[in-house]
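Novice: One structure coming up, written as structure tokens, with questions to follow.
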Amino acid sequence: MDQLFEIARKTFDTPEFRGITFIESEAKSIINRVPGGALPFDWTINPYRGCSHACVYCFARPTHTYLDMNAGRDFENKIVVKVNAPEVLRRELAARRWKGEHIAMGTGTDPYQRAEGRYRLMRGIIEALIDHRNPFSILTKGTLILRDLDLLVRAAEVAPVSAAFSIGTLDERVWRETEPGTPHPKARMDAVRTLTDAGIPTGILMAPILPGISDRPDQLREVVGAAIDAGATHVSPIMLHLRPGVREEFLPWLEQEHPDLVERYLQMYRQPYGPKAMRESLGERISSMVSAAGGIRRGVEPARRFFRRDRSPGVKAQASEQLRLL
Ligand code: SF4
């Protein structure tokens, strides 16, 4: 866990920030090692902790409890902002011990959540990465990433750069009830197209797929078809995980919104990752949908881009957990 030193608490009385407290903090370090060694990258940068995107299933929620806040409303409304992230990054990139390895952003909370519109930390971060020709990738649900398109294009000229959007569903009702603070998934899909048109390889993480809520064949086909039309470089499905800490937030929501599904979920999620057969079947269904939609012919990789270094199903599950599924 990174060391943080709080310097101020702020609120802003504008509609998009109403009800949110920003805890401005200084970070001692900003490039953090990804634990576990199961992912295709070892390093990450997370300029924010907590996330106003407020997804009901969010895997990162328990991280807020390390900061003496709760994984529910505090996670959504008390956002830690590492205000010195660009400066610390420049120092770390210049250090002799840094070897210029790939840095993955969006592994913790979303770097293009609403706070970024005000704090603009990502611009400073990307500029530092450009100056050091350091490869990186960004996983997000935030269409705000397009604000930095000019920088991403410049970065891609000097180092390998890629992006991925998390789009688990295009179903309006499911989006509204499960990801209330996020940009519309169609706007996210449009952003994928803009990025790929600009030459930034951009994929789609279909995550998480919610059994009985967003896993109907027509719902899945809609996302896959739109992803291929948008020029996505890969489509990777991940079924919902319910780890301790997330489970306590998700199940009460399910009880309220889908009481008919509670018993089924309790059966399925006796272990955090759900039944292996269901996970595998989901992967196969998405692969065949990508093929059927002509994605393979057009060069779209069906799935598992993030899992290339995995060696067993258990490690795969751990890897996707660490991605925090934006
Ligand atoms: S899943 Fe991602 S976008 Fe949603 S609240 Fe969590 S960190 Fe934010």
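The values are calculated or read from the model by the stated rules, or taken from the named source; none is laboratory data. Since the model is a prediction, treat every value here as computed from it, not as a measurement. Because the Cβ atoms are built from the backbone with ideal geometry, glycine has one as well, and the counts that use them run over all protein chains shown.
Novice: Within the group I20, I31, which residue is more than 14 Å from the ligand (Cβ to nearest atom), among the hydrophobic types (A, V, I, L, M, F, W, C) and surrounded by fewer than 23 Cβ atoms within 10 Å (Cβ to Cβ)?
Specialist: Going through I20, I31 in turn, the sole match is I31.
Novice: Do any helices (runs of 4 or more DSSP H) lying entirely in segment 231-325 carry at least 1 residues that are at pLDDT below 75, and which ones are they?
Specialist: So the answer is 313-323.
Novice: When the residues of segment 159-177 are filtered to those that are touching an Asp or Glu at 6+ places or on another chain (Cβ under 9 Å) and not in a loop (DSSP other than H, G, I, E, B), which remaining residue is nearest to T109 (Cα to Cα)?
Specialist: Among residues in segment 159-177 that are touching an Asp or Glu at 6+ places or on another chain (Cβ under 9 Å) and not in a loop (DSSP other than H, G, I, E, B), the one nearest to T109 (Cα to Cα) is S166.
Novice: Would you confirm, using the coordinates I've provided, whether D260 is of a type outside the set (A, V, I, L, M) and either in contact with a Phe, Trp or Tyr (Cβ under 8 Å, 6 or more places away or on another chain) or touching a residue at least 24 places away in the same chain (Cβ under 8 Å) (or both)? Let's see the steps before the verdict.
Specialist: Numbers: of a type outside the set (A, V, I, L, M): yes; either in contact with a Phe, Trp or Tyr (Cβ under 8 Å, 6 or more places away or on another chain) or touching a residue at least 24 places away in the same chain (Cβ under 8 Å) (or both): no.
No; evaluated as a whole, the condition is false for this residue.
Novice: What's the number of the only condition in (1) more than 16 Å from the ligand (Cβ to nearest atom); (2) touching a residue at least 60 places away in the same chain (Cβ under 8 Å) that L89 fails to meet?
Specialist: (2)
Novice: Taking the condition out of contact with any strand residue (DSSP E or B) (no Cβ under 9 Å at 6 or more places or on another chain) and more than 20 Å from T233 (Cβ to Cβ), does L144 pass? I'd like the intermediate steps shown before the answer.
Specialist: Numbers: out of contact with any strand residue (DSSP E or B) (no Cβ under 9 Å at 6 or more places or on another chain): yes; more than 20 Å from T233 (Cβ to Cβ): yes.
Spelling it out, L144 is indeed out of contact with any strand residue (DSSP E or B) (no Cβ under 9 Å at 6 or more places or on another chain) and more than 20 Å from T233 (Cβ to Cβ).
Novice: Restricting the search to segment 60-76, which residues are under 23 Å from E16 (Cα atoms) and either within 12 Å of the ligand (Cβ to nearest atom) or touching an Asp or Glu at 6+ places or on another chain (Cβ under 8 Å) (or both)?
Specialist: Matches in segment 60-76: A60, R61, H64, A71, G72, F75, E76.
Novice: Would you check if there is a residue in segment 111-123 being under 19 Å from the mean Cα position of the chain (by Cα), under 25 Å from G168 (Cα atoms) and away from the ligand (no atom under 13 Å from the Cβ)?
Specialist: Yes.
Novice: What about R193, is it more than 30 Å from V262 (Cα to Cα) and either over 16 Å from the mean Cα position of the chain (by Cα) or free of Cβ contacts under 8 Å to residues at least 24 places away in the same chain (or both)?
Specialist: Yes, satisfied.
To keep it simple, each residue is scored yes or no on (1) crowded, with 24+ Cβ neighbours inside 10 Å; (2) aliphatic (A, V, I, L, M).
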residue: A164; (1), (2): yes, yes
residue: D171; (1), (2): no, no
residue: W175; (1), (2): no, no
residue: A187; (1), (2): no, yes
residue: A191; (1), (2): yes, yes
residue: T196; (1), (2): no, no
residue: P201; (1), (2): no, no
residue: I204; (1), (2): yes, yes
residue: P211; (1), (2): no, no
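Novice: Quickly run through segment 133-157 and pick out the residues that are surrounded by fewer than 24 Cβ atoms within 10 Å (Cβ to Cβ), free of Cβ contacts under 8 Å to residues at least 40 places away in the same chain and on the phi < 0 side of the Ramachandran plot.
Specialist: P135, L144, R147, D148, D150, L151, R154, A155, E157
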